[in-house]
Amino acid sequence: MPLSNRVGAGEAMKQDFRIFLDFSRRLWTNRFMLKMMTDRELKAQYVGSLFGLAWAVINPLALMAVYGIVFGYFFKTKPDPSSGTQSYMLYLVCGLIPWQFFAQTVTSCADALTKNSNLIKKAVDFPSEILPVVTVFSSVISHLIGVAVLLILTVIFNGSLSPWTLVIFVYIFFIVVLTVGLGWILSSLSVYLKDLKQVLGLVIMAGFFFTPIFYPASRIPAAVLWIFKLNPMFHVVEGYRLTMLAGRPPVVNGLIYLAVVSVVTFAMGGIFFRRLKPGFAEVL
Amino acid sequence: MEIAISVKNISKSYRLYKAPPDKLKEILNPFGRKYHQEFRALNDVSFEIKKGESVGIVGRNGSGKSTLLKLICGVLQPTSGEVSVQGRVSALLELGAGFNQEYTGRQNVYMNGALRGLTKEQVDEKLESILDFADIGDFIDQSVKTYSSGMYVRLAFSCAVNVEPDILIVDEALSVGDIRFKHKCFRKIESFREAGKTVLMVTHDIGSVKSFCDNAIWINNGKIEQIGKADAVVRDYSSFMNYGLVSKGSVALKDTKAQRGNEVSLVQRGNEASFDADIPWEEVSHSSSFGDGGAIIKRVAFYGKDDFKKIAILEGGESVVFSLDIEVKEALDMPIVACRLDNKYGMHIFGVSNLTVGEELRPLNAGERVVVNIEFVFPKLGNGHYVIAAAIANGTNQAHVQQHFVHEAYIVQVINPSVAAKMGHCIVLEQTWISLMDSK
């Protein structure tokens with residue numbers, strides 16, 4: 001009996017793996033649609049508004065100003081001595097930009113399916129799994145603009161850019177992998193659970209405070225630091241600052257942890273989505 | 001012949017909850033108590049559609065037609081059973097394909113193409129013919145949420161047919177298009193059939209089932225009521241819809257080959273039965289009527305002169321009988337019995353009575369029960385629904401008193417496959433010639 005059980009579990013895993021492979025393949029076969037929808041999403045976000053793409057620049061700057069005034073000027077928070085910059089503003093924005101990218105992407109992913117119920121219900125063979133991916137891809141573009149602003153600010157405040165800065169593209173890659181996985185889980189769950197959006201809002205808000213964004217990680221009590229380090233965004237923010245501001249190599253353990261969490265989330269998200277997908281048209 | 005669509009014992013049930021919180025209660029209930037009621041939209045439905053066949057699905061609202069199409073398209077999953085489809089499917093489900101409301105028409109065309117696995121270049125190639133067919137002008141660059149329902153369906157249909165599907169599924173979509181577009185669509189569907197492609201359509205337009213489909217499936221309350229040749233299925237469905245009756249001898253057939261013919265009801269008619277008993281009477285008490293009440297029309301019947309089979313649909317040219325079963329309350333010395341046929345606009349098409357025939361009926365005595373048969377050859381009329389009114393009066397043509405006049409005593413539909421009958425004209429001419437001569 002236990003033996004047959006194990007065989008069953010093995011079969012299930014094999015099946016999950018096949019689902020995962022098929023899923024990844026479908027993403028590739030639908031690349032034209034993916035590109036088209038991403039283009040369109042970006043245009044919808046920026047074309048037609050008065051300032052257009054300028055918003056992608058204005059937003060991080062405005063955030064930097066608000067948080068900078070409150071935490072830097074009122075609360076006199078200081079950056080890590082080891083962070084490589086004396087400017088709290090730069091320190092802050094360097095954590096804020098990747099966090100905003102993550103938070104916004106995850107939040108809008110949760111809506112990705114419910115917003116497009118028409119397609120899911122009426123189009124034959126619609127690959128609904130690309131919807132969260134489209135959301136992630138279009139936020140990556142906005143994020144890259146934010147990163148460009150960040151690089152310019154770094155040059156202004158620090159005077160130079162370190163070659164280690166290039167490593168942030170590795171981080172971006174893993175955030176994308178992570179958010180696509182989360183996007184699949186959240187978007188498919190929110191089809192069934194309307195309350196998910198509210199809960200997600202709370203979690204994202206808490207995440208902002210429990211990730212060392214506007215305060216240095218050195219302020220976290222050593223006893224609970226390991227809990228904070230479970231949060232993959234901890235390593236992203238740390239990595240952005242180390243490579244970009246301090247010009248130092250990233251913490252390898254942190255990067256490996258991020259990579260593992262991202263890939264596992266991606267795979268689990270894919271399988272999860274695939275399992276829930278057959279019921280979408282009925283519930284939406 | 002290859003099978004294009006095969007449906008095996010599929011059922012689809014929905015869970016209905018009294019209130020949204022019940023759903024959560026059911027999930028959280030530790031004892032697995034059920035809070036839902038099961039609704040069976042489809043119940044053990046099986047059939048096969050061969051490649052190149054065109055099939056119409058009829059049934060009243062809520063009978064499960066759209067659910068069936070969605071299951072075939074794979075948009076919904078069956079609760080049990082199996083659906084297998086061979087070939088590329090293109091579908092118009094519930095008034096329009098899956099368009100993204102925010103996208104412009106053009107963007108939706110590209111997305112639709114991408115959905116069906118076309119590359120940008122391939123869509124580019126087809127774009128002209130798609131826009132041409134849809135014919136919505138500059139609106140193509142507006143977002144589709146600004147479209148009228150007609151424009152929406154034009155574009156959707158155009159996309160669906162121009163991507164060269166093997167199977168075309170159309171759900172009721174054409175009903176919002178204007179007449180010109182409908183004709184265009186039907187021509188397209190026709191060319192699809194000629195190209196040996198499979199067409200599956202749901203429609204309430206009985207006429208198009210008759211003219212465009214080889215076979216038909218009638219679904220009632222989630223089950224197949226009848227499946228077979230389009231003519232036969234439509235005839236029975238139509239009489240069911242008009243009178244709430246399934247004609248005698250109609251059985252749910254699982255086998256496509258089995259067909260019912262006239263001989264079934266002929267066998268059912270006993271030879272010894274009286275003339276009156278053979279008439280397929282219909283009660284008229286539900287119809288609105290007026291009159292002095294000197295005589296009451298209890299029942300009417302409209303049937304073939306030779307086979308005594310009730311007529312719900314006819315082509316024109318048949319010898320028919322309209323019978324009235326009259327209960328006489330007061331003596332009528334100069335009775336007039338008549339029927340009149342009106343089209344759906346209330347226009348009087350023709351009337352027959354003993355006055356028009358030039359025959360005097362004998363005086364009727366109080367308490368008598370009589371049957372009056374009016375025989376005529378049904379003229380060739382344009383396709384559509386017609387209402388037959390029945391009346392009994394007393395007096396002369398110039399001065400008579402209506403005793404009982406029943407407005408909608410009987411409803412009949414004309415479906416004539418000839419082109420002339422589909423043009424929307426009242427009358428269809430039979431012997432017409434057209435010649436072309438050289439003028440010097």
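Tabulated data for the structure shown
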item: Largest-first ellipsoid semi-axes for segment A:147-270, taking √(5λ) over the Cα gyration tensor eigenvalues, angstrom; result: 28, 17, 15
item: Distant-in-sequence amide H partners of residue B:336 (H built 1.01 Å from N, under 5 Å); result: B:393, B:394, B:395
item: All lysines inside 21 Å of residue B:8 as judged from Cα atoms, apart from same-chain residues fewer than 8 positions distant; result: B:50, B:51, B:65, B:70, B:223, B:229, B:254, B:257
item: Listed residues A:236, A:161, A:19: farthest to the positive end of the dipole of chain A (Cβ charges); result: A:19
item: Crossing angle, helix B:230-243 versus chain B [Cα axis fit, 0-90 degrees, rounded to tens]; result: 60
item: Per-residue ³J(HN,Hα) for segment B:428-440, Karplus 6.51 cos²θ - 1.76 cosθ + 1.60, θ = phi - 60°, Hz, x for Gly and Pro; result: 10, 7, 9, 10, 10, 10, 9, 10, 10, 10, 6, 8, 6
item: Residue among A:179, A:165, A:105 with the largest mean-square fluctuation in a Gaussian network model of chain A, springs linking Cα atoms under 10 Å; result: A:165
item: Directionally averaged projected area (convex hull, Cα atoms, the protein assembly as shown), nm²; result: 50.9
item: Net charge contributed by nearby residues that have their C-beta within less than 14 Å of residue B:33 (K/R +1, D/E -1); result: +3
item: Among A:227, A:271, A:19, residue whose mean-square fluctuation peaks in a GNM of chain A (springs only between Cα atoms under 10 Å); result: A:227
item: Residues whose placed amide H lies under 5 Å from that of residue B:410, excluding near-sequence neighbours; result: B:388
item: Segment B:61-159: radius of gyration and largest Cα-Cα distance (Dmax), Å; result: 15.0, 46
item: Two-decimal log10 I(q)/I(0) for segment A:2-283, as the Debye equation yields it once each C-alpha is a single scatterer, q = 0.08, 0.14 Å⁻¹; result: -0.38, -1.06
item: Residues A:238, B:190, B:2 arranged by fewest to most Cβ contacts within 10 Å; result: B:2, B:190, A:238
item: Whole-Å distance, taken between Cα centres, linking segment B:92-154 and segment B:180-208; result: 20
item: Amide hydrogen neighbours beyond the local backbone of residue B:91, cut-off 5 Å, H modeled; result: A:124, B:169
item: Inter-centroid distance (Cα atoms) of segment B:31-45 relative to segment A:183-223, Å; result: 37
item: Whole-Hz couplings from phi, Karplus 6.51/-1.76/1.60, listed for segment A:225-235; x for Gly and Pro; result: 4, 5, 5, 4, 6, 5, 6, x, 5, 4, 6
item: GNM result for chain B, Cα springs below 10 Å: residue of B:231, B:138, B:166 fluctuating most strongly; result: B:138
item: Cβ-placed point charges (K, R +1; D, E -1), dipole of the protein assembly as shown about Cα centre in debye, nearest 20; result: 3420
item: Kirkwood-based Rg to Rh ratio, segment B:275-422, C-alpha trace; result: 0.97
item: Helix-only mean residue ellipticity at 222 nm for chain B, each DSSP H run of n ≥ 4 adding -39500 (n - 2.57), per residue, nearest 500; result: -7500 deg cm²/dmol
item: Net +/- balance of residues flanking residue B:321 in space, Cβ distance below 9 Å, scoring K and R +1, D and E -1; result: 0
item: Cα-centre dipole for segment B:330-440 with unit charges at Cβ (Lys and Arg positive, Asp and Glu negative), debye to 20; result: 440
item: Burial ordering of A:38, A:114, fewest other beta-carbon atoms within 10 Å first; result: A:114, A:38
item: Compactness index (Cα Rg / 2.2 N^0.38 Å), chain B; result: 1.20
item: Charge dipole (segment B:1-104, unit charges on Cβ, about Cα centre) - positive-most of B:56, B:87, B:16; result: B:16
item: Helix axis angle, B:179-194 relative to chain B longest principal axis, alpha carbon, degrees; result: 70
item: Spatial separation of Cα centroids for segment B:288-360 and segment A:228-253, in angstrom; result: 92
item: Where a label projected 7 Å from the Cα of residue A:197 along Cα→Cβ would reach, residues of segment A:73-108 with amide N under 11 Å; result: A:108
item: DSSP beta bridge pairing in the protein assembly as shown, given as percent antiparallel to the nearest 5; result: 80
item: Point-to-point label distance, residue A:264-residue B:385, nm (Cα→Cβ direction, 7 Å offset); result: 6.5
item: Set of aspartates and glutamates near residue A:229 by C-alpha distance (under 18 Å), chain-local residues within fewer than 8 positions excluded; result: A:80, A:238
item: Count of Lys pairs (Cα-Cα under 22 Å; at least 8 positions apart or interchain) in segment B:275-422; result: 10
item: Calculated from backbone phi, Karplus (6.51, -1.76, 1.60) coupling profile of segment B:115-127 in Hz, x at Gly/Pro; result: 4, 9, x, 8, 8, 4, 4, 5, 5, 3, 4, 8, 3
item: Taking A:257, B:345 and counting other C-beta atoms within 10 Å, the order from fewest to most; result: B:345, A:257
item: Over chain A: helical MRE at 222 nm, DSSP H runs n ≥ 4 each giving -39500 (n - 2.57), nearest 500; result: -24000 deg cm²/dmol
item: Dipole in debye (nearest 20) - chain A, about Cα centre, beta carbon charges: Lys, Arg +1; Asp, Glu -1; result: 200
item: Descending semi-axes in Å of segment B:78-217, equivalent ellipsoid built from Cα gyration tensor; result: 24, 18, 15
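Read-outs: derived from the displayed coordinates by stated rules, not from any lab. Remember, it's a predicted structure, so these values are computed and weren't measured experimentally. Positions of Cβ are backbone-derived with ideal geometry, glycine not excepted, and every protein chain shown enters the neighbour counts.
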